[in-house]
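Colleague: I'd like to ask some things about the structure below.
Just so it is clear, none of the values below were taken in a lab; they were calculated from the coordinates. Computed from a prediction, not measured in an experiment: that's the story for all the values here. No Cβ is skipped: glycine too gets one built from the backbone with ideal geometry, and neighbour counts run over all protein chains shown.
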C-alpha cells in the first residue's frame, strides 16, 4: 500500500520536488525532472537517464558526479514525455552531446526517441542506450530486445564513470553498450505493488506461490512456482543468470562479476542479506569472484514484494568503471576527485509560444474541438477503473490512469488555448502536446501524436466540413501507425484502428461524419473484443505471452469507446 500522497496525479511531481529540496547540493528541479545542481563541464557528454517514477533510487537518485547529469521523471510507471526528456537534456547538455539511457520499454523508446530527433534537429549529437538485462523477456540471441530491470544501475554507473574519466561521446556510447551486453538479471515476486490512491495491488500472487520473472512496472511473473527457502530462491536466480555466462578469454571476461541483489520495495535488507549469503557461496562454487557486490534497494517498484539478482560479467575496462567513485543522492562510492564544480546559475526553460492569429470561423471550430476533448476527459474518467483492470491482467495496470491523465491534460490545454484566442489547428497541437506530457507511456505518446497530426488537417484561418473531420481522424490514425510501429495482430490499439479506418472510408459519403464514425466505431469495438483471442507480441504484455489470452487489449478498447462517444456527440 502507498500511504503518503496528496493528489495521486501529483505524486511524481511532489516526490521530485521533495528529493531536490532534501539534496540541494546534488540536484535541481527543471521541467520534467532533475539535473545536477552543478554545471556540466564544457564539452563533457551529458548522461541523461530516466523512466517512470515509482522506482527510487532509480532514476533521479542517480544524478551526480560519476553517474548521470540529469533524469527526466515520468508519472508512476509511465515514460516521461518527449518534452520532459528534451527539457532535461537541454539543461544537462553543454557542448559534448547527450547519451540518453533508459530501460527497453515501448513508451520510453517512443518518448526518448522523439526527444532525440528534436535535439538532433538542433545540432546536438545524441546516442541512445536501451538497457535490456532481463533474461526472461527474450532469448539470449535477442539480448538487446529484452526489457531493462535492475541492470539499469550498473550500466549507468559504468557509463557515468567513463564520462567522468574523460570519455568522449563515441567512447561513452561504446562502453555503455558493452556494459549492457555483459549484464544479466533475473527476479521473483511475492506480491504486487499498489499505485498511489489505489486500494488494491496491481496483481496478487497466491499464498505459497511466487511469480518468476518479474518486471518493474507492476507486471506479474511469467510463471508461478511454489515459494522456496531463501537458499532455494538464490539457487534459482543464480542458475538462471549463469546459464548465460560468457566464455573466459585472455584480455576479456575471466570470472569476475559485479553482483547486485536488488529489493523491489517490501523485501527488506536483512532478507536480502540472507539471499546474498547463498548467492556468494554459489558463485564461489562456480569459480566467480564477486567484485564490489551491492545488496539493497536500487530499482524498486513502489511497495512490490520481490527481489532480483544481476551479474555484470566484467573485463578490466568494465571493472575499472564499476569500481570508480560516485556521488549521488542515493548511490555513493569512494571519494570523488577534488575538482571545481561551479553551481548552476541559469536553466533552460521552454518559452511561451505566441498564439497565432485565428479567424472567427476557426475559433468557433476550436470551441467545438474543445468540447470534444472535454467529452474525452469525462469518458476516460468514467472508464479508468475498468481499463486499469483489463491492463493489469497481462500488463502494468496503468492504461486507465494514463488515459485519464492524458485526456484531462489535453482538455485543460484546449481551454487555455481558447482563452488565448487560438484557432482549431493551434488548439489541437497544444492539446496533443499536453496529452503526451500528462499521460506519459506509450498510449500518451500515440494519442498525443494523433491529436497533433489531426491538428495539421485543420487551419487557424478557416472553418471545417464533415470531410475535414474524417480527414483529421485519418491523419491521427496514420500518425499512430507511423510512431508506434505496430501492425494488426500484435494485440495493440492498432487492431482497432485499422478496421476503424477502413470502415470509415467506406461509410463516409461526404456529408455525414457522425453516422460514418458510429459505423466505424462499431467495427472497431468488434475488432477490439476479438483481441482477447490474440497472444500479445508487442508492448509490455508480450513478455507474459499466453497470460494475455482471454483479455482484450485495453488500448483497442479505449479507442473504440472514444470513437463511439465522438460519433454520438457529433450526431
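Colleague: Quick check: Cα centre of the stretch 401-424 to Cα centre of the stretch 218-268, how many Å?
Modeller: Answer, in whole Å: 46.
Colleague: Counting other beta carbons within 10 Å of each residue's own, what order do 321, 111 fall into, fewest first?
Modeller: Result, fewest neighbours first: 321, 111.
Colleague: Another question about this same structure. Among 435, 322, rank each residue by its count of other Cβ atoms within 10 Å, from fewest to most, as a rough exposure measure.
Modeller: Ordered from fewest to most neighbouring Cβ atoms within 10 Å, 435, 322 come out as 322, 435.
Colleague: Same structure, new question: Say a paramagnetic label sat at a point 7 Å from the Cα of residue 285, along Cα to Cβ; which residues of the stretch 212-239 have their backbone N under 18 Å from it?
Modeller: Counting backbone N atoms under 18 Å from the label point, the list is 228-239.
Colleague: Compute the distribution of all C-alpha to C-alpha distances in the stretch 223-358, in bins of 10 Å from 0, and list the percent of pairs in each, rounded to whole numbers.
Modeller: All Cα pairs, binned at 10 Å, distribute as 10, 31, 27, 15, 9, 6, 2, 0 percent.
Colleague: Return the distance in nm (one decimal) between the two label points of a simple spin-label model at residue 488 and residue 467, each offset 7 Å from Cα along Cα→Cβ.
Modeller: So the two model labels end up 2.7 nm from each other.
Colleague: If you don't mind, another one. For a footprinting-style exposure proxy, rank 294, 437, 386 by other Cβ within 10 Å, fewest first.
Modeller: Ascending number of Cβ neighbours within 10 Å: 386, 294, 437.
Colleague: Going highest first, how would you order 491-504, 34-47 by mean Cβ packing within 10 Å?
Modeller: Peptide ranking by packing, descending: 491-504, 34-47.
Colleague: Return the tail of the calculated pair distribution for the stretch 321-378, meaning the percent of Cα-Cα pairs more than 17 Å apart.
Modeller: 72 percent
Colleague: Just order 160-166, 422-428, 281-287, 72-78 by mean Cβ neighbour count inside 10 Å, highest at the front, would you?
Modeller: 72-78, 422-428, 160-166, 281-287
Colleague: Mind computing the radius of gyration and Dmax over the alpha-carbon atoms of the stretch 1-131? Å is fine for both.
Modeller: For the stretch 1-131, the Cα radius of gyration and maximum Cα-Cα distance read 13.8, 45 Å.
Colleague: How do the peptides 3-14, 87-98 rank, highest first, by the average count of neighbouring beta carbon atoms within 10 Å per residue?
Modeller: Output ranking for 3-14, 87-98: 87-98, 3-14.
Colleague: Also: According to a simple spin-label model (label point 7 Å from Cα along Cα-to-Cβ), what is the distance in nm between residue 368 and residue 526?
Modeller: Taking the two extended label points, one gets 2.9 nm.
Colleague: Can you give me the Kirkwood hydrodynamic radius for the chain, using every pair of distinct Cα atoms, in Å to one decimal?
Modeller: It is 24.3 Å.
Colleague: Using only Cα atoms, tell me the angle between helix 441-455 and the longest principal axis of the chain; keep it within 0 to 90° and round to the nearest 10.
Modeller: 30 degrees
Colleague: Given Cα pairs under 8 Å that are at least 6 residues apart, what percent is the relative contact order of the chain?
Modeller: Relative contact order of the chain: 13 percent.
Colleague: Sticking with this structure for a sec: Which angle between 0 and 90 degrees, to the nearest 10, do you get for helix 513-530 versus the longest principal axis of the chain when only C-alpha atoms count?
Modeller: With rounding to tens, the tilt is 30 degrees.
Colleague: Compute the long axis of helix 11-22 from its Cα atoms, compare it with the longest principal axis of the Cα atoms of the chain, and write down the angle in degrees, 0 to 90, nearest 10.
Modeller: That helix lies at roughly 50 degrees to the long axis.
Colleague: Would you calculate the separation in nanometres between label points at residue 204 and residue 346, each defined as 7 Å from the Cα along the Cα-to-beta-carbon direction?
Modeller: Label-label distance for residue 204 and residue 346, simple model: 5.8 nm.
Colleague: By DSSP, what percent of the beta bridges with both residues in the stretch 1-131 are antiparallel, rounded to the nearest 5?
Modeller: 30 percent
Colleague: Sticking with this one: Between residue 416 and residue 385, what's the calculated FRET efficiency when r is the beta-carbon distance and R0 is 25 Å? Round to 0.05.
Modeller: With R0 = 25 Å, the Cβ-Cβ based efficiency is 0.35.
Colleague: Sticking with this one: Rounded, prolate or oblate: which fits the stretch 360-570 when a ≥ b ≥ c are the square roots of the eigenvalues of the alpha-carbon gyration tensor, with rounded for a/c under 1.5 and prolate only if a/b beats b/c?
Modeller: Since a/c reaches 1.5 and a/b is larger than b/c, the shape of the stretch 360-570 is classed as prolate.
Colleague: Over the Cα atoms of the stretch 391-437, what radius of gyration and what Dmax do you get, in Å?
Modeller: Rg, Dmax (Cα atoms, Å): 13.3, 44.
Colleague: Assuming 0.36 nm per residue, please report the length gained on full extension of the stretch residue 239 to residue 4 beyond their Cα-Cα distance.
Modeller: 80.8 nm
Colleague: Provide the percentage of antiparallel DSSP beta bridges, counting only those with both residues in the chain; round to the nearest 5.
Modeller: Just about 55 percent of them are antiparallel.
Colleague: The stretch 303-359 to the stretch 1-32: how many Å between their Cα centroids?
Modeller: When both Cα centres are located, 16 Å separates them.
Colleague: Then there's this: Mean residue ellipticity at 222 nm from the helices of the chain, using -39,500 (n - 2.57) per DSSP H segment of n ≥ 4 over the full residue count, to the nearest 500 deg cm²/dmol?
Modeller: -15000 deg cm²/dmol
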